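**Q** Sharing a structure, written as structure tokens. Questions coming.
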Amino acid sequence: MTFVDRPRVVIAGGGFGGLSAARALARVAVDVTLIDRHNYHLFQPLLYQVATAALAPNSIAAPIRAILRGQRNATVLMETVTGIDTAGRAVLIGEQRVAYDFLIIATGARHSYFGHDEWEKFAPGIKTLFDALSIRQQVLSAFEAAEVCNDSSERRRLLNFILIGAGPTGVELAGAIAELAKASLVHDFRHIDPSSARIVLIEAGPRVLPTRSGWTHLPTERDAWWCAKIYRFRDTPRYLRSATSALRRAGMESRRRASLLRQSKWGPMPRA
Ligand SMILES: Cc1cc2nc3c(=O)[nH]c(=O)nc-3n(C[C@H](O)[C@H](O)[C@H](O)COP(=O)(O)OP(=O)(O)OC[C@H]3O[C@@H](n4cnc5c(N)ncnc54)[C@H](O)[C@@H]3O)c2cc1C
């Protein structure tokens, strides 16, 4: 039911920001319409576990309708916002218009390739369930392809995983791939030793987790967990120099660049 005398709040995006805003308005005399292109809220911090087959997709995706089921002033629309008519105070969904008195835009961020957008086709970011599932498919397929490969140098190449960006996502993904190779899959193959997989983490800054000092809201256990992962997989080479020279070191500037990139996994930084 729409209350014509109550302010209409439209929220674009049902991520952390949009959902928090909707829930904060639960006891306010407004009508909330939350619009998201998906029918689920995604817990992005655990995407890397879906990407490495440690979690099923539905473990980190919850239906937005179910989350807001008990909030009577909230309506959920599964639509893609295509524009905003600020003069006419309406959100555009193609030809459809959703009028608002107050608008909250919480559509998230995109990742950045730091001026190298051409890398994206070889190495997708990890922002969506689709990204995580396509990385999962590539990682698992690499082990499968290595198992049936007779050429030892090709086998080595297939088990060579390169991640660029030693921020939290890159570090977590590197640790998770190492865990997959050195623990989960270690007894599952007959012709390859999954633990021989080489995982290279490349960081342009002077140290891994360069943004860590700003993440003061994270619990200390988590810090310890990260450190444990880095320590545990300390055989993972860390290139603490510019990304370009590290890429050159990794052989990506050579004619093998495309094939190496095909096996690489990246953890690009978000772009607002
Ligand atoms: C791999 C990864 C790991 C992370 N780990 C951590 C962590 O450990 N700790 C931490 O604090 N943060 C972490 N973050 C960051 C955190 O997830 C983000 O800061 C947070 O999700 C941002 O919330 P948001 O609501 O702004 O955007 P999002 O959560 O991205 O939500 C945006 C929503 O908008 C929707 N949307 C976008 N465009 C449209 C459109 N045109 N029409 C309709 N809907 C649209 C999307 O479907 C999505 O549901 C991580 C992020 C990633 C990607």
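**Q** Report the FRET efficiency, 1/(1 + (r/R0)^6), for THR80 and ALA54, where r is their Cβ-Cβ distance and R0 is 41 Å, rounded to 0.05.
**A** Details: r = 30 Å, r/R0 = 0.74.
Efficiency, from the Cβ-Cβ distance: 0.85.
**Q** Could you work out how much longer the chain between ALA183 and PHE122 gets when fully extended? Use 0.36 nm per residue separation minus the Cα distance between them, nm to one decimal. Show your work: numbers first, answer last.
**A** Details: separation 61, 0.36 × 61 = 21.96 nm, distance 2.68 nm.
Length gained, ALA183 through PHE122: 19.3 nm.
**Q** In nm, to one decimal, how far is the modelled label at ARG27 from the one at VAL148, with both set 7 Å along Cα→Cβ?
**A** Taking the simple label geometry, ARG27 and VAL148 are separated by 6.1 nm.
**Q** In addition: For the range 95-217, take the alpha-carbon Rg, divide it by the Kirkwood Rh, and send me Rg/Rh.
**A** On the way: Rg = 18.9 Å, Rh = 17.2 Å.
Taking Rh as the inverse mean 1/r over Cα pairs, Rg/Rh reads 1.10.
**Q** What are the trypsin sites (Lys or Arg not before Pro) within the range 61-124 that DSSP puts in a loop, where the Cβ has at most 12 other Cβ atoms within 10 Å?
**A** Numbers: sites: ARG65, ARG69, ARG72, ARG89, ARG97, ARG110, LYS121; in loops: ARG69, ARG72, ARG89, LYS121.
Within the range 61-124, the qualifying trypsin sites (Lys or Arg not before Pro) (loop, at most 12 other Cβ atoms within 10 Å) are ARG69, ARG72, LYS121.
**Q** Please compute the length gained on full extension between ASP131 and ARG6, using 0.36 nm multiplied by the number of residues separating them and subtracting their Cα-Cα distance.
**A** Numbers: separation 125, 0.36 × 125 = 45.00 nm, distance 3.98 nm.
Residue separation times 0.36 nm, minus the Cα-Cα distance, leaves 41.0 nm.
**Q** Heavy atoms only, probe 1.4 Å: what % of the accessible area of the range 8-105 goes to carbon and sulfur, would you let me know? Don't jump to the answer; show the numbers that get you there.
**A** On the way: 2790 of 5270 Å².
That share works out to 53 percent.
**Q** Right, another one. So who's got an amide H within less than 5 Å of the one on ILE93, skipping anything under 5 residues away but keeping other chains? H placed 1.01 Å off N, in plane.
**A** THR82, VAL98
**Q** Further question: Just need the Rg to Rh number for the range 1-139, please, alpha carbons only, Kirkwood Rh. Intermediate results must be reported in sequence, preceding the final value.
**A** On the way: Rg = 17.1 Å, Rh = 16.5 Å.
That ratio equals 1.04.
**Q** Another question, if that's okay. Using a Förster distance of 22 Å, how high is the FRET efficiency between ARG69 and PHE16, based on the Cβ-Cβ distance and rounded to 0.05? Provide the component values of the computation, followed by the final result.
**A** Working: r = 19 Å, r/R0 = 0.85.
Once the sixth-power term is evaluated, E becomes 0.70.
**Q** Continuing with this model, one more query. Could you please report the charge total around ASP188, scoring K, R as +1 and D, E as -1 over all other residues with beta-carbon less than 13 angstrom from its beta-carbon? All intermediate terms of the calculation are to be shown ahead of the outcome.
**A** Numbers: positive: LYS182, ARG190; negative: GLU144, GLU147, ASP193.
Around ASP188, the charge tally is -1.
The values are calculated or read from the model by the stated rules, or taken from the named source; none is laboratory data. These numbers come from a predicted model, not from an experiment. When we count neighbours, we look across all protein chains shown, and the Cβ atoms used for this are built from the backbone with ideal geometry, even at glycine. SASA here: full protein model, heavy atoms, side chains in, ligands and nucleic acids out. Shrake-Rupley method; radii C 1.70, N 1.55, O 1.52, S 1.80 Å.
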